[in-house]
Amino acid sequence: PGKSAQKVRKADEASLDGLTAEAAPPKKPRRGGNKSTDILSSSERETLQKVLNDVYEAIDDLVEESSEPDVQPRGIIDPFMDLPPRSMYADYYQLIRQPIAMKQIENKIKKAQYQNLRQFRGDVGLLCRNCRQYNEDGSVLYNDANLIEETCLQKLREETANLPEWQDFDEADSVADTSRINSSVGTPQPVVKSGIKLKLNGRGAGNGNANLGSASRGGTDSRGGSDDED
């Protein structure tokens, strides 16, 4: 009888061990396992980051002064910082196949994700082309996109004047591609004081005047939330 009881206990223990093994949760993969490897040397990374920060700062500093003493200068980059909310700008996401906002570019600089200036130049070019595609030629935002891209190129040339190994950043399809398809919806136009107020023609925020100091998104006149992606 004693041996029989021991066999039963061993069988029970084996059964419990099996259940414990099955019930154990799978191990989670370690964070950072898929992190991209920086292909640049430390000195190359330092040079690249300095150029990127200087160019971004030049774009960020772009303003249009107001003729009214009580009105703050208009930040040119402000309407491009965030993606427009899909709930208000469904047509934007139908027309624009590769949405991108300035915050995404800024985050990629901060995280050292750019491996060369061509990648950065490509993202700024995409941002500006998206704006020109969605807005009418001659509108405030269309002209702002041209200014941003021109400033980017000019500053890149200045920063790399003595760095020939970093000068491979130009694109063939840069400023003002006129062979594009425009959105069929009205685009913002300046009202009396150019660069201070915009008139919205049927876009998401409704008709009326909107101060450009409010949070516009992705080269549109959105004042709602953002659909920004990290």
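Packing-based ranking of 54-64, 81-91 yields 81-91, 54-64, ordered from highest to lowest mean Cβ neighbour count within 10 Å.
Can you give me the accessible area per residue for the stretch 106-153, using a 1.4 Å probe, in Å²?
Per-residue value: 33 Å².
The values are calculated or read from the model by the stated rules, or taken from the named source; none is laboratory data. Please read all numbers here as calculations on a predicted model, not as lab measurements. So basically every Cβ, Gly included, is an ideal-geometry build from the backbone, and we count neighbours across all protein chains shown. These accessible areas exclude ligands, DNA and RNA; they are computed on the full protein's heavy atoms, side chains included. Shrake-Rupley method; radii C 1.70, N 1.55, O 1.52, S 1.80 Å.
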